[in-house]
Number of protein chains: 2
Amino acid sequence: MSLSGNAEFMRRAIALASENVRTGAGGPFGAVIVRDGSVIAEGVNCVTRTNDATAHAEVTAIRAACLALGRFALHGCEIYSSCEPCPMCLAAIYWARMDRIWFANTQADAARIDFDDAFLYREIALPLSERAIPAAMMLHDEAWESFQLWRESPTKTPF
Amino acid sequence: MSLSGNAEFMRRAIALASENVRTGAGGPFGAVIVRDGSVIAEGVNCVTRTNDATAHAEVTAIRAACLALGRFALHGCEIYSSCEPCPMCLAAIYWARMDRIWFANTQADAARIDFDDAFLYREIALPLSERAIPAAMMLHDEAWESFQLWRESPTKTPF
């Protein structure tokens, strides 16, 4: 695991971000995933081009890396993102079990060009009742069955 | 926008979750997206089946709903998830501009069957320096160019 970031990889992530704007393909965000000193996957923001609200650069790169390695966990991998991951992307990096994160622009920079990253970090830390999108629990007593099935499954693949 | 949840939709989400375990397809999570009183998309957790760390039920359902409607924003839609969305899925719901969230199992329930949802909520609220996955900024001065291009782009599609 590198203790200092590799400028070559970050410059590639930034170049992907700039190119994504120049071509009109999407937002100014790029990411590369590195393993053993080599890039194994790249991603750009393609929310508008692919009509997929989840298609941020990091998520796109994680999907590509999972595909390249044929597995759902990316132990041993580092991500270079041209911008600090939003909460969706940060949690995706955790679920992918990555080793380390490098970023260039910050969530405060993103706020300056009208992206919601900083807002989302504040929202997610709030209690349910104070969030902008209303959320409520229902049928709690009926839902445990699905978790009980998982707990008892002899064939499950934990992730 | 409904002020109380529709039990039929939540029972469908729970049934999807249970069925996903019974068939061995993936984790105990299902979600349905509803618009004008009708289900427009469904999703199950397919992380292990598709080798995609980001393929949680809500993310899968959001992608399907975006595809069904041909747009990247889901204004007017509500999501019924068999479990409280993790931070990745919650932020995805925000990015998709959905109206409302209903859930059945909670992040505490998920912790009881060894899923990291509650841990992730705690992690994301921490300062960078205290998180389990190391994260650091680099080449900050070189990255603004991509944001400046976005700011000045006459052809961009905001999202």
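Listed values, structure above:
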{"quantity": "Index of the failed condition, B:ALA73 passing every other in (1) outside any strand (DSSP E or B); (2) open to solvent by less than 10 Å² (accessible area, probe 1.4 Å)", "calculated": "(2)"}
{"quantity": "Scope region B:89-129; condition among the β-branched types (Val, Ile, Thr) and in contact with a strand residue (DSSP E or B) (Cβ under 7 Å, 6 or more places away or on another chain); matching residues", "calculated": "B:ILE93, B:ILE101, B:THR106"}
{"quantity": "Residue in region B:69-92 that is basic (Lys, Arg), closer than 16 Å to B:GLY30 by Cβ and within 8 Å of another protein chain (Cβ to nearest Cβ) present", "calculated": "no"}
{"quantity": "Any hit, region B:44-55, residues being in contact with a Pro (Cβ under 8 Å, 6 or more places away or on another chain) and either at the interface with chain A (Cβ under 7 Å from one of its Cβ atoms) or not in a loop (DSSP other than H, G, I, E, B) (or both)", "calculated": "no"}
{"quantity": "Conditions (1) assigned to a strand (DSSP E or B); (2) open to solvent by less than 10 Å² (accessible area, probe 1.4 Å); (3) within 21 Å of B:ILE124 (Cβ to Cβ); number of the one not met by A:PRO85", "calculated": "(1)"}
{"quantity": "Restricting region B:1-27 to residues that are part of a loop (DSSP other than H, G, I, E, B), touching a residue at least 12 places away in the same chain (Cβ under 8 Å) and facing chain A (nearest Cβ under 7 Å), the residue that is surrounded by the fewest Cβ atoms within 10 Å (Cβ to Cβ)", "calculated": "B:GLY5"}
{"quantity": "Any chance A:TYR94 is under 24 Å from A:ILE124 (Cβ atoms) and in contact (Cβ under 8 Å) with a residue 60 or more places away in the chain", "calculated": "no"}
{"quantity": "Residue within region A:37-51 that is touching a Ser or Thr at 6+ places or on another chain (Cβ under 6 Å), under 19 Å from B:TRP95 (Cβ atoms), in contact (Cβ under 8 Å) with a residue 24 or more places away in the chain and of a type in the set (D, E, K, R) present", "calculated": "no"}
{"quantity": "Filter result (crowded, with 22+ Cβ neighbours inside 10 Å and in a helix (DSSP H, G or I)) within region B:56-70", "calculated": "B:ALA57, B:GLU58, B:VAL59, B:THR60, B:ALA61, B:ILE62, B:ARG63, B:ALA65, B:CYS66"}
{"quantity": "Those residues of region A:28-43 which are more than 10 Å from every other protein chain (Cβ to nearest Cβ) and surrounded by 20 or more Cβ atoms within 10 Å (Cβ to Cβ), in sequence order", "calculated": "A:ALA31, A:VAL32, A:ILE33, A:VAL34, A:ALA41, A:GLY43"}
{"quantity": "Exclusive hit being more than 22 Å from B:HIS56 (Cα to Cα) and among the hydrophobic types (A, V, I, L, M, F, W, C), set A:VAL34, A:VAL47", "calculated": "A:VAL34"}
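The values are calculated or read from the model by the stated rules, or taken from the named source; none is laboratory data. No experiment lies behind these values; they were computed from the predicted model shown. Neighbour counts run over all protein chains shown; Cβ positions are idealised from the backbone, glycine included. SASA here: full protein model, heavy atoms, side chains in, ligands and nucleic acids out. Shrake-Rupley method; radii C 1.70, N 1.55, O 1.52, S 1.80 Å.
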